[in-house]
Each structure stands twice: as structure tokens, then as C-alpha cells.
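Peer 1: Got a structure for you, written out below as C-alpha cells; questions coming shortly.
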Amino acid sequence: MSFSLADARFQLVRALGLTRRGLASLRTRGLRATWQRVTAQLGVLAPAEQVALLAGDTGPFVPFSVPRDEAPEVTVVIPVYGELTRTLACLRAIAAHPPRVRIEIVVVDDASPDATPDVLPGISGLRVHTMSRNTGFIGACNAGAALATGRYLLFLNNDTVPQPGWLDALHATFLQHREVGIVGAQLLYPDGRLQESGAMLLGDGRAESRGRFDDPEHPSLRWCADVDYVSGAALMLPTALFRQLEGFDARYSPAYYEDTDLAFRVRALGLRVLVQPDARVVHVEGASAGTDPTRGMKAAQVRNRDVFAERWRDVLRSRPDDPVRAARLPRAGTREILIVDNLTPVPARDSASLRLVNLMRLLRDAGAHVVFVPADRQHAGEATRALQAQGIEVWYAPHVGGIARWLQAHGPRFTHVVLCRHYIAREFLPLVRRCAPQATVLFDSIDLHYIREQRGAELAGDTTLRRDALRTRALELDVVNRSDVTLVVSPTEAEVLARDAPDACVEVLSNLHEVAGPGLSFAQRHDLVFVGGFRHPPNADAVTWFVREVFPAIRARLPEIRFHCIGGDVPAPVAALATVDGVVVHGHVADITPYMDGCRIAVAPLRFGAGVKGKVNLSMAHGQPVVATPCAAEGMHLRDGEDVLIAHDASAFADAVVRLHDDASLWNRLAAGGLDNVRTHFSLDAARATVARLFLDDGASGEARRRQNPPPGGFSSR
């Protein structure tokens, strides 16, 4: 499709905005950090997403071993009838890439006519159960399930080649999602094309495989989705649930529609059936049963469809008769919400990312479907896959060409559009208004950038920075006034906008954190910690000030104490602080939990900034007391001496750290108060009612709301 005028306008606005932000970044961050930010925004040097499939090893039998744990979490049941070569290829794939989760493998030999009974006992770790007569797929699976000792059952066809990480991805889905009954894998043909990503049913009981012959990486098929059923070729569910339902129903013997029927019975209990595309299994379709529906075992598929359709006649009345409509997800009537941010969020990188990902979780938990588009349109590797595994539909190049064309195609889907950060909102607002006029547009400020810039300019005494802050103020308030709703993270910022944009609709949606719990006791903890990404200028200033002005006074009284500085994108001035005795500059740390649970005190020595400080929330969520400046504690409902210690200058900051370090009673009071603060104001449960009111309550559309409350000056795109 040709490049459109709307795309050209969007790219021009985006280029001008990026140029302005780049020049401002040069003054505050320097050349190297600015180059990193610009290349990230543009997607320069981003690696192409490539997926290579593990091929089945069909060589002659040589004894090998498969993983086996005496206390398995998952029992893998593989029914076999002949096809020894395929069975060996399947088992070799598991052996070559064993899962992290504890497993046992039970192969049910359904009276195979070949050498299967003689060869399989030569595989170490394998449990082999031999049937006295051939019972078919259903009989073999039920027999294997009766022998299972794992918490979960995983049924796997022998004509499959499980790909690395498949089983761990299936297992993790039960932990990541609520009320899950069944999880199935994404099935691929040996040439890499998609065989199915779950399946949906028509009104007459026929199945429509999602995405057959399509690209398995296509964004519309790559997210963990609720489906009608998943193939028994690779299907996991809790063992207790399978036994409660008395297994696969024998009325469908020897096979076909037993997995569909099981999914419907699971859903009748109020549980969900999900397909997890992170779990990939190559499946040689029809290898054991053939593909001709008029003969052999495959003929049972036609017969059993009528049996199934009669049993579930009332449920099937709600299914479409058109195959295209039947296969489309999300289902008609599902509330769909588009979220746009500058980059794909990485929760371990910054609190804004964590908040955004947890907002998506809340929306998913409430039954909404979330679509995320990064403005750089890049596949962000693990970060993108993590969102997809949680059920978020993420779009990226090459599947997103021009943003304008994508919005023209998808805009009618959305009831709400969330635009994160004022510079992203300014670029996208005109397109969203044109392509999704029905949608309520929410501007998520993350924090009020102009407040942060004004404070930084005042601290530096820099006239140029003051002018930049005024420019940002004008741009940000323009976006506030042109949006239907503006989200801020604290009541303090809501008060600022009540003064600066009195006609705007402003709502508080603060940071969102899991409450981790108290961690280690006072006596078991030691040292100080700071956590914060250094692409954010206030963090670099805070750490530099703390090490130079505060830490020497602390070390004079606590000579053994160390200061752990954690955060990615470390600039040279911060890296140089590692030369100071007792200062450890870690850079990015993949898992900060040991520092949250093991360090005695967190410090938040911010001298300027805005919004709510995720570093403070994070520590408190782990029962780790915090010493903070007034700026760091702003808008967080904190009480000095009860939830936090607040220090106004370097001397007071050092005194507060030493006092808290030595006073177990004070430490325990602050640890308990901090945990209560997070539960009350910053937990996911605390935000559910606000999220439901903003996104899920029935009310006027965005178009109607704008007619009722037109923004000052109309919808200019200046």
C-alpha cells in the first residue's frame, strides 16, 4: 500500500518532536546517552526476530535418558500405537532441551504392532505402561492419566517435536493468568507455517483452526488467547481437574472431539481455555490417523462431530455460522483498548514500565482485550514476548507499516485509546481522532514532564533549561486540554492541573505494585541501596549528590556500610562513583529481589523530579524502610516517622540513615507502615475500582463526551 499523506504528516510531527527532545537531552544527558535514546526511539540497529525450529532426530536407536523427578510438577502422557521412529524423535527433543519444571514422562504403549515394546524400556527415566489390547487415543490417555503423580497433566502426541521452552511456557501460563483450566500449545507444520493457534467452533460444531498456514509470528496470532478448545496433541491441565471430570469422555472413542468436549466441560465450571503461542510444538498432522475423513480412524471425526453438536447444542447456538467470524478473536462484544507508548515496557527497567504492564494485567483480569503498539514499531525481543504471553496483542514491524494506515484499519475496534507521555500523545492524537472517533482518549502523563523540567532548571540555575521547561509546559497542557481524560500518578499533580488546566478531566491512577512481603528481618539485613534507571536525569543527580554530600558522613559513623547503586544506562559520572570506598555501582541487575529483601535501608535522595517515585514504592513493597527527600516522598501519602524518614538536606539525610540503621524499633515501625502504605494506595487491588470506572463502566463514548465538554480551542495539532 502506498505511503499516505496522513503518514507523512505523522512522521513530520514525530521528527520535529524527536529533534526537540534530542537537543534537550544533549544538554541534560550528554552525547552518548542521547544517541542511545534516539536510536531506541527510531528502532535503529534493532535485531530482526528470527525463529529456527528444532528438527526431529529420526536416527537409529541408541540408549538415552529423559528427565524424571520423583516429585514431579508435571506428568507428560504420550499415547503411542506404532510409529516408533516418531516416538523416539519426540522423546529425544525433550531430552535434548529438558524443561526447568520437574517432570515425569509416561508413555502408554497401546498394543503397538512394531518394535515399540522392545525399544522403549531402553530409555532411562521413562515410565512405560503397556496396554493388553488396543483401546485408541482416549483409552490410552485415560490409562496414562491414572498413573500420573504430577500436579499437572500434559497430553502429548508422539508425532510431535516439542520446541525448547514449550513445557515451561505452558506451566507458567497457569501462574500468569487467572481461573485457567486448560492451556494448549501453538502447533506448527515442519516447514514453520502455523498449523493452529487454538481453534474456534461454528454453530454446527465444526472447528475452525486459528491461523492455519499463516505466519506464526503475526501479531494477531502471537498472543495468549481464550479459545473454544486446544488440540489434544499438546494440552495441559491440572491433574485433579481431569480426574474430577472423569477424563476424556469414552463416547468419543477411539478419538476426535474428546479434546473439544473436555474444553467445553472445563469452561462449564467457569474456567478458561487458553492457547499459549510461547509454547511451540511441531506436529506432523495426520501421521498416525491419516487425513482422509471417509476411512480409518479419521472417519470418527465426522461421526463424533454430530455427537458433540447434540451434547452442546445450547452452547453452540451462540457460535457464528460464518467460518471467518467464528475464528476471529477477540469475540464480538469484548471491550478493546489500545495503548501506545514510546517503547515496549520492560518492568525491571523503570517504574513507568512496571505501572503500564500492571495496568494491562488489570484490564485483562477485568475481561478487556488490550492492544499495545510501541511508537518505534520494533519487536523488543523478550519484552514483547512477555506481553504476548500475558495475553496482550502487540503490533510491530513489518506488520505495522504506516501508523496512519494501521489506525485506519484497526481504529474502529477500540472503545478507549491510552496515549502515554505528552510527546507521543501529541503525535498520535490527530490520527486517533480521525480513525477512532468513537474512542475515549486518555492521556497518561506518566509524570508531569514540565514540573520535573522546571524543578531541574531551578536547581541548575540554567536559563536555557527554564525556556525548555516553559515550552514543554505549553505542549503538555495542550495535550491535556485536547484529551478526554488525563491520568496523573498523584493527588499533588492533580492539584497542579486543577490550577494550570482547570477545564480538563483529570484522574489519579498511581503506581501499581505487587506487595512482596516483609523479606528478611532487621538483624539479617545490611547496607544501603538505590534503584533507578539512569536514562532519567533526576536519578543520576540524586546518586551523585548522595555519594558526594551524604555518604561520607554516614561512613564516618558506620565505616563498614556499603552503598549499592542499581540501575541501567549508567553514565560516566555515576560509573566513576565506584572509586569511592563503600560504593558499589552494579548497573542493571536482572533480579533485584535479593537487594530489596536483604539491604537494610533504601535511599531516595532525589533533588528534583515529578510524579510518584516507583523506587520508594518498590522498597516499601518488600518491607524495606526508606530515607527520602521531600521531593521523593511527594504525593505518596507518607507520614514522616511512621512510613518513611524525610530529610531536607545532606546533614539531616545522613543523620536519618544512621538513626534508622541502628534503631530496630524504628526500623520495624517504618517497614510495617511502608507495607500498609503500598497495600492501601499502590497495590493492584487498590486500583481495580479506578480502572473499572475509567475503562469498563458503560457511559458516553469519547465522541459524545467531547460534544458535552469541548476542550478549549478545539482540537488543534499545533
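The values are calculated or read from the model by the stated rules, or taken from the named source; none is laboratory data. For clarity, every value in this text was computed on a predicted model and none was experimentally measured. Here the Cβ is made from the backbone with ideal geometry for all residues, glycine too, and neighbour counts use every protein chain on show.
Peer 1: Only one residue in 214, 168, 191, 228 is under 19 Å from residue 260 (Cβ atoms) and acidic (Asp, Glu), so which one is that?
Peer 2: Unique residue meeting the criteria: 228.
Peer 1: Let me spell it out: the conditions are (1) surrounded by 17 or more Cβ atoms within 10 Å (Cβ to Cβ); (2) within 16 Å of residue 564 (Cβ to Cβ); (3) of a type in the set (A, V, I, L, M), and residue 650 meets all of them except one. Which number is the exception?
Peer 2: (2)
Peer 1: In this structure, is residue 394 more than 17 Å from residue 272 (Cβ to Cβ) and in contact with a strand residue (DSSP E or B) (Cβ under 8 Å, 6 or more places away or on another chain)?
Peer 2: yes
Peer 1: Separate question: Go through region 592-664 and tell me which helices (runs of 4 or more DSSP H), entirely inside it, have 2 or more residues that are touching a residue at least 40 places away in the same chain (Cβ under 8 Å) and in the same structural domain as residue 490 (by TED's automatic domain parsing).
Peer 2: In region 592-664, there are no helices (runs of 4 or more DSSP H) which contain 2 or more residues that are touching a residue at least 40 places away in the same chain (Cβ under 8 Å) and in the same structural domain as residue 490 (by TED's automatic domain parsing).
Okay, residues lined up against (1) in contact with a Phe, Trp or Tyr (Cβ under 9 Å, 6 or more places away or on another chain); (2) at pLDDT below 95:
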site	(1), (2)
647	yes, no
651	no, no
659	no, no
668	yes, no
682	no, yes
685	no, yes
697	no, yes
701	no, yes
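Peer 1: Does residue 247 satisfy the criteria of being farther than 19 Å from residue 388 by Cβ, of a type outside the set (A, V, I, L, M) and in contact with a Leu (Cβ under 7 Å, 6 or more places away or on another chain)?
Peer 2: No; evaluated as a whole, the condition is false for this residue.
Peer 1: Would a scan of region 513-527 turn up a residue that is surrounded by 22 or more Cβ atoms within 10 Å (Cβ to Cβ) and modelled with pLDDT of 95 or more?
Peer 2: No.
Peer 1: So in region 327-370, with the set limited to residues that are in a helix (DSSP H, G or I) and among the basic types (Lys, Arg), which one is surrounded by the most Cβ atoms within 10 Å (Cβ to Cβ)?
Peer 2: Once the filter is applied, the top-ranked residue is 355.
Peer 1: Can you tell me which residue within region 155-188, out of those that are aromatic (Phe, Trp, Tyr) and not in a strand (DSSP E or B), is surrounded by the most Cβ atoms within 10 Å (Cβ to Cβ)?
Peer 2: Ranking the qualifying residues of region 155-188, first place goes to 166.
Peer 1: A further question on this structure: Looking at (1) of a type in the set (A, V, I, L, M, F, W, C); (2) in contact with a strand residue (DSSP E or B) (Cβ under 7 Å, 6 or more places away or on another chain); (3) at pLDDT below 95, which is the only condition residue 551 fails?
Peer 2: Unmet condition: (3).
Peer 1: Going by what's in this entry, would residue 543 be described as in contact (Cβ under 8 Å) with a residue 12 or more places away in the chain, surrounded by 15 or more Cβ atoms within 10 Å (Cβ to Cβ), closer than 17 Å to residue 632 by Cα and touching a Leu at 6+ places or on another chain (Cβ under 8 Å)?
Peer 2: yes
Peer 1: Can you say whether residue 455 is at pLDDT below 95 and over 24 Å from residue 588 (Cβ atoms), as far as the supplied structure shows?
Peer 2: Against the criterion (at pLDDT below 95 and over 24 Å from residue 588 (Cβ atoms)), residue 455 qualifies.
Peer 1: Determine if region 452-470 includes at least one residue that is among the hydroxyl-bearing types (Ser, Thr, Tyr) and within 18 Å of residue 607 (Cβ to Cβ).
Peer 2: no
Peer 1: Go through region 206-254 and give me each residue that's among the β-branched types (Val, Ile, Thr) and not in a loop (DSSP other than H, G, I, E, B).
Peer 2: 239
Peer 1: Could you list, ordered by first residue, the pairs with Cβ atoms under 7 Å in which the first is in region 440-459 and over 11 Å from residue 477 (Cα atoms) and the second is in a helix (DSSP H, G or I) and polar (S, T, N, Q), at least 6 apart or interchain?
Peer 2: Qualifying pairs under 7 Å: 453/472.
Residue-by-condition table, conditions (1) of a type in the set (Asp, Glu); (2) touching a Gly at 6+ places or on another chain (Cβ under 9 Å):
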residue: 321; (1), (2): yes, yes
residue: 328; (1), (2): no, no
residue: 338; (1), (2): no, yes
residue: 348; (1), (2): no, yes
residue: 352; (1), (2): no, yes
residue: 358; (1), (2): no, no
residue: 367; (1), (2): no, no
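Peer 1: For region 117-135, check the following and say yes or no: at least one residue is of a type in the set (Ser, Thr, Tyr), touching a residue at least 40 places away in the same chain (Cβ under 8 Å), buried (at least 21 other Cβ atoms within 10 Å of the Cβ) and under 22 Å from residue 101 (Cβ atoms).
Peer 2: No: region 117-135 contains no residue that is of a type in the set (Ser, Thr, Tyr), touching a residue at least 40 places away in the same chain (Cβ under 8 Å), buried (at least 21 other Cβ atoms within 10 Å of the Cβ) and under 22 Å from residue 101 (Cβ atoms).
Peer 1: Residue 91 passes all but one of (1) under 30 Å from residue 115 (Cα atoms); (2) modelled with pLDDT under 95; (3) not hydroxyl-bearing (Ser, Thr, Tyr); which number fails?
Peer 2: So the condition that residue 91 fails would be (2).
Peer 1: Have a look at 383, 409 and point out the one that is without any contact (Cβ under 8 Å) to a residue 24 or more places away in the chain, hydrophobic (A, V, I, L, M, F, W, C) and assigned to a helix (DSSP H, G or I).
Peer 2: 409
Peer 1: For the condition assigned by TED's automatic domain parsing to the domain that holds residue 556, part of a helix (DSSP H, G or I) and not polar (S, T, N, Q), what is the one hit in 688, 669, 693?
Peer 2: So the residue among 688, 669, 693 that is assigned by TED's automatic domain parsing to the domain that holds residue 556, part of a helix (DSSP H, G or I) and not polar (S, T, N, Q) is 669.
Peer 1: Ok, one more. Which members of region 506-538 meet the condition of being more than 29 Å from the chain's Cα centre (by Cα) and in contact (Cβ under 8 Å) with a residue 12 or more places away in the chain?
Peer 2: 522, 523, 524, 525, 526, 527, 528
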